[in-house]
Amino acid sequence: MDHRDGNTVPGPGGLRLRRWREEDLPALLEAYEDPAMRRWLATQVSGVDGAADWLAAQRTGWATGTRFAFAVTDGGRDGEPLGNIVLKRPDPGNDCAEVGYWTTAAARGRGVASRALTALTDWAFTEFAEQGLIRLELFHQVDNEASCRVAEKCGYALARVIPALPPDYPLDGHVHAREAPSAALSRPAGRRAEAAGTGGGRASGR
C-alpha cells in the first residue's frame, strides 16, 4: 500500500480515519473554538486563513512522508470530523515516531480518542514495518489525566517524565510508549520493560 494515496483506515465501532479535506474547514474552526483545545494544544488555529494554513500543512505532511494526519469520522454520519489523529515522522529513517490526537467537544465521552488511537497504531505498525518502525510515543502535559487514561487504555505504557520547559511547557510532561508486536516479542524478556525509557522529543503541534 502506498501511504501517500487517498486510503481510509477503519477503526473499532464503525470509526473511520480519512485524510482532511478542504470542505472540513468550517468543522476545524468550530473545533478550535473549544476552551479545552486552547488549553491542551501547543498549535492553535484561528480564523479562515489559519484553518486553511493548517489544512495545507497536513497535505504537505502527506506529500513529504513526514506527517500523516487523519480526520476521525463516524462512517454513519457523512464523515463529519470528530477529531484529529496524526503520526509524525520528521525523520523517516528513525525507528520511533510520535502520535498525537484531539477530539471535538461533542465527541468526548464516547471512546473516540481511544478507538482512533487504536486504529492509527495498528495502521502505523503495519504500514511502516518494512521501514523499520518499531516504537510509537505519545506526549501529554502531566495534568492532562484524560490523555493519560487514553494512552494506557491503548497499551501505551508510561515511559518517562520530562521536565517543564516554560513558557511553552509550564508543567512536566508524560511520555507514553508502545512497541510493535514483533519488536516486543523479539526483545529478551528482562529488557522489554526498560526499553520504554529510550529518548524522545517534546510534543509538537497536533
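The values are calculated or read from the model by the stated rules, or taken from the named source; none is laboratory data. It should be emphasised that the depicted structure is a prediction, and the values quoted were computed from it without experimental measurement. For neighbour counting, all protein chains shown are included, and Cβ atoms are generated from backbone atoms with ideal geometry for every residue, glycine included. The accessibility values were calculated without ligands, DNA or RNA, using every heavy atom of the protein model including side chains. Shrake-Rupley method; radii C 1.70, N 1.55, O 1.52, S 1.80 Å.
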**Request:** Kindly indicate whether D24 is farther than 25 Å from A146 by Cα, acidic (D, E), open to solvent by less than 60 Å² (accessible area, probe 1.4 Å) and in contact (Cβ under 8 Å) with a residue 12 or more places away in the chain.
**Result:** yes
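For (1) open to solvent by 10 Å² or more (accessible area, probe 1.4 Å); (2) closer than 14 Å to A71 by Cβ, each residue gets a yes or a no:
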{"site": "R89", "(1), (2)": "no, no"}
{"site": "C96", "(1), (2)": "yes, no"}
{"site": "V99", "(1), (2)": "no, no"}
{"site": "A105", "(1), (2)": "yes, no"}
{"site": "A116", "(1), (2)": "no, yes"}
{"site": "A119", "(1), (2)": "no, yes"}
**Message:** Among the residues in region 44-62, are any touching a Ser or Thr at 6+ places or on another chain (Cβ under 8 Å) and of a type in the set (D, E)?
**Reply:** no
**Complete:** A careful count of residues in region 27-56 that are under 20 Å from K88 (Cα atoms) and open to solvent by 50 Å² or more (accessible area, probe 1.4 Å) gives 5
**Asked** Within region 91-104, is there a residue that is hydroxyl-bearing (S, T, Y) and touching a residue at least 60 places away in the same chain (Cβ under 8 Å)?
**Response** yes
